[in-house]
Amino acid sequence: MSDPQFSPGESFAFELDRTDPLRRFRDRFFIPPGTVYLDGNSLGLLSRDAERTLFRVLEEWRTLGIRGWLEGKRPWFTFAEEMGAKAAPLVGAESGELVFTGTTTVNIHALVSTFYRPEGKRTRILADLLNFPTDLYALQGQVRSRGLDPEREIVLVPSEDGRTLDEAKIVEAMTDEVALVFLPTVLYRSGQLLDVQSLADEARRRGIPIGFDASHSAGVVPHEFHRWGVDFAVFCSYKYMSGGPGCSAFLYLNERHFGLKPGLPGWFGYVKDKQFDMRLEFESAPSAGGWQISSPGVLGSSPIEGALDPILEAGIEAIREKSVRITSYLIDLIDARLAGPPYDFRIGSPRDPRRRGGHVAVERREEALRINEALKARGFVPDFRPPDVIRIAPAPLYTTYHEVWRAVQALKEIVDGREFERFSRERKAIS
Ligand SMILES: *Cc1c(COP(=O)(O)O)cnc(C)c1O
């Protein structure tokens, strides 16, 4: 059932690369020597642009000291707001709706503490069983902090196939007992892309605030948070956005909520031009910026300024287009070459590209862990999610079609030669 737009031969991979409109961006990135990097959904690679802004800020600290807060090229004092404005086109944020701050989990706490207002019989939070664990930990903590029982109040939409969620089931669960909906845009294992717009519509129609964690889609799938009426969102910056380990995250707040009081206030959320009046009454900035808590992690976050450049230059629509094409190509190669015995690989991601984010879950009932180890020993960098998923994420700005072809060829050879038998069944702390 091979897709007629693709062909399984190696020369076709070269042809796809030759005609790839984004091919010139690969040189902007440092590809770890000897590797085929397929893990841009976990930690995106460093670009020259990001390296430059990191070094510049370090230099500013060296030469300006405290004056960097106001005299840095991008003054550190307003860096969070400026980076929010810079990244706004990626998620369809309007002015003041996006700020670069905190970390994903902290931002979930900051927003859920604001939006979770249990009242009468409306006390539940609707989430899903396939979510990234930290998101659920944060929800549990928020429920507990109100003296309520997370077991009772958090409703997790189940998954019929263990991989994907059915939007209709989610909407069905938006009952009059639900006080808040919080969902991922793209599921971290299967890569399913939820229909954010229709979920936001349905939640609004029922008067339920809805927030999204877009960590697995930001920088690879375009969003229109403002136009879709999403109440709030969070996303990290170190996956497809290539902000680097330790880089801050983003916090999106729809402008109709600018008047709300932040649930976890801190002095960096103060009205900017009065912050240093040092008054004891908190007055939050009337923007997403009001949800900042602490001084920004300027050094660790400085790569984002440059990291955004290749993304904005390429354009999120073009990035999405390549992402769809290269993941479709990967799926097609697996189907054409590795679906039957002895290979027995299966695709765990939705086949409809409109329902798929930037990575592909390649499943194998047996030996997926050791096959992943064998891939790594050959210089490939995928990752493994238990029990049986090898995640492959071709990053549109730096992964080539030929690299995808080589990964599939390597999977074939690893099974042909039973190469995986040389590896241990024990998992490392990070796999
Ligand atoms: C990567 C990711 C996170 C990371 O959380 P941190 O607090 O930044 O460590 C959270 N949620 C989702 C859905 C993610 O994909």
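The values are calculated or read from the model by the stated rules, or taken from the named source; none is laboratory data. Not measured: the values here are computed from a predicted model. Quick reminder, even Gly has a Cβ in these numbers, built from the backbone with ideal geometry, and neighbours come from all protein chains shown.
So, in region 119-132, exactly how many residues are small (Gly, Ala, Ser) and either surrounded by fewer than 16 Cβ atoms within 10 Å (Cβ to Cβ) or outside any strand (DSSP E or B) (or both)?
Quick first cut of region 119-132, residues small (Gly, Ala, Ser) only: 120, 127.
The next check asks that each one be either surrounded by fewer than 16 Cβ atoms within 10 Å (Cβ to Cβ) or outside any strand (DSSP E or B) (or both); those that pass are 120.
Here the count works out to 1.
Report whether or not LEU64 is touching a Gly at 6+ places or on another chain (Cβ under 7 Å), in a helix (DSSP H, G or I), over 23 Å from HIS216 (Cα atoms) and free of Cβ contacts under 8 Å to residues at least 24 places away in the same chain.
Values: touching a Gly at 6+ places or on another chain (Cβ under 7 Å): yes; in a helix (DSSP H, G or I): yes; over 23 Å from HIS216 (Cα atoms): yes; free of Cβ contacts under 8 Å to residues at least 24 places away in the same chain: yes.
So LEU64 fits the description; yes.
Which is among the β-branched types (Val, Ile, Thr) and free of Cβ contacts under 8 Å to residues at least 40 places away in the same chain, of ILE371, ILE347, ILE392, ILE334?
Working: ILE371 fails: free of Cβ contacts under 8 Å to residues at least 40 places away in the same chain; ILE392 fails: free of Cβ contacts under 8 Å to residues at least 40 places away in the same chain; ILE334 fails: free of Cβ contacts under 8 Å to residues at least 40 places away in the same chain.
Residue meeting the stated conditions: ILE347.
Conditions (1) in the same structural domain as PRO296 (by TED's automatic domain parsing); (2) part of a strand (DSSP E or B); (3) crowded, with 17+ Cβ neighbours inside 10 Å, marked per residue:
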| position | (1), (2), (3) |
| --- | --- |
| GLU81 | yes, no, yes |
| LEU90 | yes, no, yes |
| GLU94 | yes, no, no |
| VAL99 | yes, yes, yes |
| THR105 | yes, no, yes |
| SER113 | yes, no, yes |
| ARG117 | yes, no, no |
| THR134 | yes, no, no |
| TYR137 | yes, no, no |
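Those residues that are more than 26 Å from the chain's Cα centre (by Cα) and among the polar types (S, T, N, Q), I need them from region 52-74; list them, please.
Step one: of region 52-74, the residues more than 26 Å from the chain's Cα centre (by Cα) are 56, 58-73.
Of everything in region 52-74, just one residue is more than 26 Å from the chain's Cα centre (by Cα) and among the polar types (S, T, N, Q), namely THR63.
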* Of the conditions (1) part of a helix (DSSP H, G or I); (2) surrounded by 17 or more Cβ atoms within 10 Å (Cβ to Cβ), GLU413 fails just one. Which one is it? -> (2)
* Asked: For region 22-40, which residues satisfy the criterion of being more than 15 Å from GLY244 (Cβ to Cβ), of a type outside the set (Ser, Thr, Tyr), touching a residue at least 12 places away in the same chain (Cβ under 8 Å) and part of a loop (DSSP other than H, G, I, E, B)?
  -> LEU22, ILE31, GLY34, LEU38
* **Any chance GLY357 is at positive phi and either touching a strand residue (DSSP E or B) at 6+ places or on another chain (Cβ under 9 Å) or of a type in the set (A, V, I, L, M, F, W, C) (or both)** => no
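Got a number for residues in region 165-185 being more than 19 Å from ASP231 (Cβ to Cβ) and either crowded, with 21+ Cβ neighbours inside 10 Å or assigned by TED's automatic domain parsing to the domain that holds ARG351 (or both)? Before you say what the answer is, go through the steps one by one.
First, pick out the residues of region 165-185 that are more than 19 Å from ASP231 (Cβ to Cβ): 165-166, 168-169, 172.
Subset that is either crowded, with 21+ Cβ neighbours inside 10 Å or assigned by TED's automatic domain parsing to the domain that holds ARG351 (or both): 165.
The number of residues fulfilling the criteria is 1.
Which ones in region 119-147 are more than 19 Å from ALA203 (Cα to Cα) and within 16 Å of the ligand (Cβ to nearest atom)? Please lay out each step first, then the result.
Here is the first cut: in region 119-147, the residues more than 19 Å from ALA203 (Cα to Cα) are 130, 132-138, 140-147.
The answer is LEU130, PHE132, PRO133, THR134, ASP135, LEU136, TYR137, ALA138, GLN140, GLY141, GLN142.
Suppose we filter region 201-224 for residues that are in contact with a strand residue (DSSP E or B) (Cβ under 7 Å, 6 or more places away or on another chain) and either more than 16 Å from the ligand (Cβ to nearest atom) or of a type in the set (S, T, N, Q) (or both); how many remain? Steps first, answer last, please.
The first filter runs over region 201-224 and keeps only residues in contact with a strand residue (DSSP E or B) (Cβ under 7 Å, 6 or more places away or on another chain), leaving 203, 208-218, 221.
Still in the running and either more than 16 Å from the ligand (Cβ to nearest atom) or of a type in the set (S, T, N, Q) (or both): 203, 208-209, 215, 217.
Looking only at that region, the number is 5.
Going by the conditions given, is SER215 under 30 Å from LYS322 (Cβ atoms), in contact (Cβ under 8 Å) with a residue 12 or more places away in the chain and touching a Cys at 6+ places or on another chain (Cβ under 6 Å)? Give the steps one after another, and end with the answer.
On the way: under 30 Å from LYS322 (Cβ atoms): yes; in contact (Cβ under 8 Å) with a residue 12 or more places away in the chain: yes; touching a Cys at 6+ places or on another chain (Cβ under 6 Å): yes.
So SER215 passes the test.
Identify all residues within region 224-259 that are among the small types (Gly, Ala, Ser) and on the phi < 0 side of the Ramachandran plot; write none if there are none.
To start, the set of residues in region 224-259 that are among the small types (Gly, Ala, Ser) comprises 229, 233, 237, 242-244, 246, 248-249, 259.
ALA233, SER237, GLY243, SER248, ALA249, GLY259, listed by residue number.
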* Asked: Among all residue pairs at least 6 apart or on different chains, which show Cβ distances below 9 Å where the first residue, located in region 238-262, is more than 11 Å from THR103 (Cβ to Cβ) and the second is of a type in the set (Val, Ile, Thr) and part of a loop (DSSP other than H, G, I, E, B)?
  -> LYS239/VAL220; TYR240/VAL220; TYR240/VAL221; MET241/VAL220; TYR252/VAL230; ASN254/VAL230; PRO262/ILE293
* Looking only at region 229-239, count how many residues are over 13 Å from PHE250 (Cβ atoms) and either within 14 Å of the ligand (Cβ to nearest atom) or surrounded by fewer than 20 Cβ atoms within 10 Å (Cβ to Cβ) (or both). => 1
* Structure fact -> Counting only residues that are more than 19 Å from the chain's Cα centre (by Cα), part of a helix (DSSP H, G or I) and either surrounded by fewer than 24 Cβ atoms within 10 Å (Cβ to Cβ) or at pLDDT below 95 (or both), region 203-227 contains a total of 3
